[in-house]
Amino acid sequence: MRPDPPAGGAPEADRDPDVESAVEAEREPNFLLAGFERPTLIWIARRLPRWVLPDDLTIVGVAAALGICAAYQLSNDGTGWLWVASGLLVIQWLGDSLDGTLARVREIQRPKYGYYIDHLVDAVSTAAIGIGLGLSPFMLLSIATLIVVAYLILSINVYLESYAFGRFALGYGRIGPTEVRVVLIALNTALALGLGLDFNLVDVDLTVFDLIGLAIAAVMIVLLAGRAAHNLRLLAREEPAAPRR
């Protein structure tokens with residue numbers, strides 16, 4: 001059952017059904033860790049104190065992302081800050097992933113509000129973490145910027161798909177935000193423990209962060225091209241182009 005419209009909201013006749021379907025599009029849990037993540041988040045949400053609200057968790061997630069940015073920048077002064085970054089990645093996962101779960105568990109969803117704020121703070125958090133990596137001694141700023149731009153373009157494509165097809169498939173393949181956080185924590189741990197992960201390639205000093213970052217950016221670009229081509233074929237069949245005259 002859909003929630004009643006808010007007082008003073010737009011009349012039913014003035015509403016765009018395509019916008020409604022985009023906001024309420026079904027999310028497809030296709031990530032590698034989705035089978036573990038979803039029941040874990042539900043378990044946590046059911047045990048949170050009643051005074052904790054979804055917006056509180058959203059604020060925690062954004063604050064943690066800004067903290068991660070700062071921790072990566074401060075890692076120029078010592079690798080001990082990488083442990084802080086890893087801890088904040090866990091907190092950021094909780095805030096980012098648990099706010100919507102808590103709303104669904106308590107049946108207090110606000111579809112349009114949640115859709116808007118979730119994707120807005122996701123963009124801010126992604127940019128903050130990416131910039132932080134670029135300001136650290138472990139990744140070139142140019143590579144970090146490339147990853148952020150590619151990720152945001154992929155996200156925009158997902159939002160367009162939710163509008164055009166009524167489905168919300170955030171993942172490209174089996175790797176999603178949670179899996180990326182796990183990789184970052186693993187790399188942070190290796191670097192904090194002093195493992196040698198830097199090397200020289202064509203007279204440029206790189207680290208494993210740079211190498212993985214370049215690989216991720218390349219994969220994202222390829223996946224975007226393939227998914228966009230697939231979507232355009234589907235849409236072209238639904239809305240054939242007018243014949244040439």
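The values are calculated or read from the model by the stated rules, or taken from the named source; none is laboratory data. Small disclaimer: the values here were computed from a predicted structure and weren't measured. For neighbour counting, all protein chains shown are included, and Cβ atoms are generated from backbone atoms with ideal geometry for every residue, glycine included. The protein model used for the area step is the full one, side chains on, heavy atoms only, and it has no ligands, DNA or RNA in it. Shrake-Rupley method; radii C 1.70, N 1.55, O 1.52, S 1.80 Å.
Using r as the Cβ-Cβ distance of S155 and V90, and R0 as 22 Å, what FRET efficiency do you calculate, to the nearest 0.05?
0.50
Quote the accessible area belonging to W81 in square angstrom, nearest 10, computed with a 1.4 Å probe and with ligands, DNA and RNA left uncounted.
Ignoring ligands and nucleic acids, W81 comes out at about 100 Å².
Dipole magnitude of the range 71-133 about its Cα centre, charges +1 at Lys/Arg Cβ and -1 at Asp/Glu Cβ only, in debye to the nearest 20? It would help to have the intermediate numbers written out before the result.
Working: 4 positive and 6 negative charges, 48 e Å.
Taking the Cα centre of the range 71-133 as origin, the dipole is about 220 debye.
Sort Y163, Y116, Y72, Y151 from largest to smallest accessible area, using a 1.4 Å probe on the heavy atoms of the protein chains.
If we order Y163, Y116, Y72, Y151 from most to least accessible, we get Y116, Y163, Y151, Y72.
Can you give the accessible area of R110 in Å² (nearest 10), computed on protein heavy atoms with a 1.4 Å probe?
Accessible area, nearest 10 Å²: 130 Å².
Compute, for the range 80-198, the length of the dipole vector about the Cα centre, with Cβ point charges of +1 (Lys, Arg) and -1 (Asp, Glu) only. Units Debye, rounded to 20.
That gives the range 80-198 a dipole magnitude of about 260 debye.
For labels at R50 and S142 in the simple 7 Å Cα→Cβ model, what's the distance in nm?
Placing both labels 7 Å along Cα→Cβ, they lie 5.8 nm apart.
Of all the C-alpha pairs in the range 80-143, what % are more than 18 Å from each other?
49
Counting only heavy atoms of the protein chains, get the accessible area per residue of the range 45-128 (1.4 Å probe) and round it to a whole Å² value.
On the way: 4320 Å² over 84 residues.
Ligands and nucleic acids excluded, the result is 51 Å² per residue.
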